[in-house]
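Colleague: Starting off with a structure, shown below.
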Amino acid sequence: MKVLHIDSSIMGKASVSRQLSQAIVDQLKTQHEALTVTYLDLVEQDIPHLTADILMGKNEEQTQLGLQLVQQYLDADIVVIGAAMYNFGLSSALKAWIDRIAVAGKTFKYTESGSVGLAGNKKAYIASSRGGIYGDNHPADFQETMLKTVFNFTGVTDIEVVRAEGVNMGAELKEKAIAEALTKVTTL
Ligand SMILES: Cc1cc2nc3c(=O)[nH]c(=O)nc-3n(C[C@H](O)[C@H](O)[C@H](O)COP(=O)(O)O)c2cc1C
């Protein structure tokens, strides 16, 4: 069983989404004996913004990195993504990763009847943290909705969200939100 564990918060050890994504991976370890975890820290590993040269295969180093990122995504049986809400969306580092793994012919294809995802057969966990409270399907949520859309687009429909929100609305609320999210993790 292969897990691709991705973190994207800029806050290091103080990050809530990193705490939740690690808890999910730890929980998965208790459930699956032979678990191989590939860890991608998008703050440590710089994935440059997509450029025309990269897109057109004119940058050999970045072509190789793109191939590696796509392969990691395709190979994973489980993807765990720590995603902080930044300005209603994802961190630019996570967006840069998405721009490199959403590749026609690899993770999706267009057909006469629409797009078809090619990276299905995997489960995705979103470890979401937000300063405010949005709940499900809020019109200003371009964070979880973006990730869900990208997963769906690439064929991944089995998606579970573990969310701590309201974490910037006072220490008590933050503690409660994290505790509830960690309790949910134990039920996964
Ligand atoms: C640059 C930046 C932008 C943010 N934008 C939002 C936002 O739009 N909505 C919100 O509810 N919280 C926002 N927050 C708060 C974070 O979502 C919150 O602190 C969350 O815990 C971040 O995840 P982390 O703890 O894993 O870093 C923002 C934080 C930062 C640093």
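The values are calculated or read from the model by the stated rules, or taken from the named source; none is laboratory data. Please read these numbers as outputs of a predicted model, since none were measured by experiment. FYI the Cβ positions are ideal-geometry reconstructions off the backbone, even for glycines, and counts take in every protein chain you see. Accessible surface is based on the protein model in full, side chains and every heavy atom, while ligands, DNA and RNA are left aside. Shrake-Rupley method; radii C 1.70, N 1.55, O 1.52, S 1.80 Å.
Colleague: In the range 66-73, is there at least one residue being open to solvent by 20 Å² or more (accessible area, probe 1.4 Å), in contact with a strand residue (DSSP E or B) (Cβ under 6 Å, 6 or more places away or on another chain) and more than 16 Å from the ligand (Cβ to nearest atom)? Give the steps one after another, and end with the answer.
Modeller: Just the residues of the range 66-73 that are open to solvent by 20 Å² or more (accessible area, probe 1.4 Å), to begin with: 67-68, 71-72.
Next cut, in contact with a strand residue (DSSP E or B) (Cβ under 6 Å, 6 or more places away or on another chain) only: 72.
So of that shortlist, the ones also more than 16 Å from the ligand (Cβ to nearest atom) come out as 72.
So far as the range 66-73 goes, yes, one or more of its residues are open to solvent by 20 Å² or more (accessible area, probe 1.4 Å), in contact with a strand residue (DSSP E or B) (Cβ under 6 Å, 6 or more places away or on another chain) and more than 16 Å from the ligand (Cβ to nearest atom).
Colleague: Going residue by residue through the range 144-165, is there one that turns out to be within 16 Å of the ligand (Cβ to nearest atom), in a helix (DSSP H, G or I), within 21 Å of Gln19 (Cα to Cα) and charged (D, E, K, R)?
Modeller: yes
Colleague: Additional query: Hey, among the residues in the range 159-183 that are touching a helix residue (DSSP H, G or I) at 6+ places or on another chain (Cβ under 9 Å) and not hydrophobic (A, V, I, L, M, F, W, C), which one's surrounded by the fewest Cβ atoms within 10 Å (Cβ to Cβ)?
Modeller: Per the stated criteria, the residue is Asn168.
Colleague: Taking the condition of being of a type outside the set (Ser, Thr, Tyr), at negative phi, within 16 Å of the ligand (Cβ to nearest atom) and outside any strand (DSSP E or B), how many residues in the range 78-108 meet it? Let's see the steps before the verdict.
Modeller: Looking only at the range 78-108, we keep the residues that are of a type outside the set (Ser, Thr, Tyr), and these are 78-85, 87-90, 93-106, 108.
So of that shortlist, the ones also at negative phi come out as 78-85, 89-90, 93-104, 106, 108.
Next cut, within 16 Å of the ligand (Cβ to nearest atom) only: 80-85, 89-90, 93-97.
Adding the requirement that they be outside any strand (DSSP E or B) leaves 85, 90, 93-97.
Residues flagged as of a type outside the set (Ser, Thr, Tyr), at negative phi, within 16 Å of the ligand (Cβ to nearest atom) and outside any strand (DSSP E or B) within the range 78-108 amount to 7.
Colleague: Inside the range 4-35, can you point out the residues that are polar (S, T, N, Q) and within 13 Å of the chain's Cα centre (by Cα)?
Modeller: Let us first name the residues in the range 4-35 that are polar (S, T, N, Q), namely 8-9, 15, 17, 19, 21-22, 27, 30-31.
Within the range 4-35, Ser8, Ser9, Ser17, Ser21, Gln22 qualify.
Colleague: Looking at this structure, is Ser129 open to solvent by less than 30 Å² (accessible area, probe 1.4 Å) and in a strand (DSSP E or B)?
Modeller: Details: open to solvent by less than 30 Å² (accessible area, probe 1.4 Å): yes; in a strand (DSSP E or B): yes.
Yes; evaluated as a whole, the condition is true for this residue.
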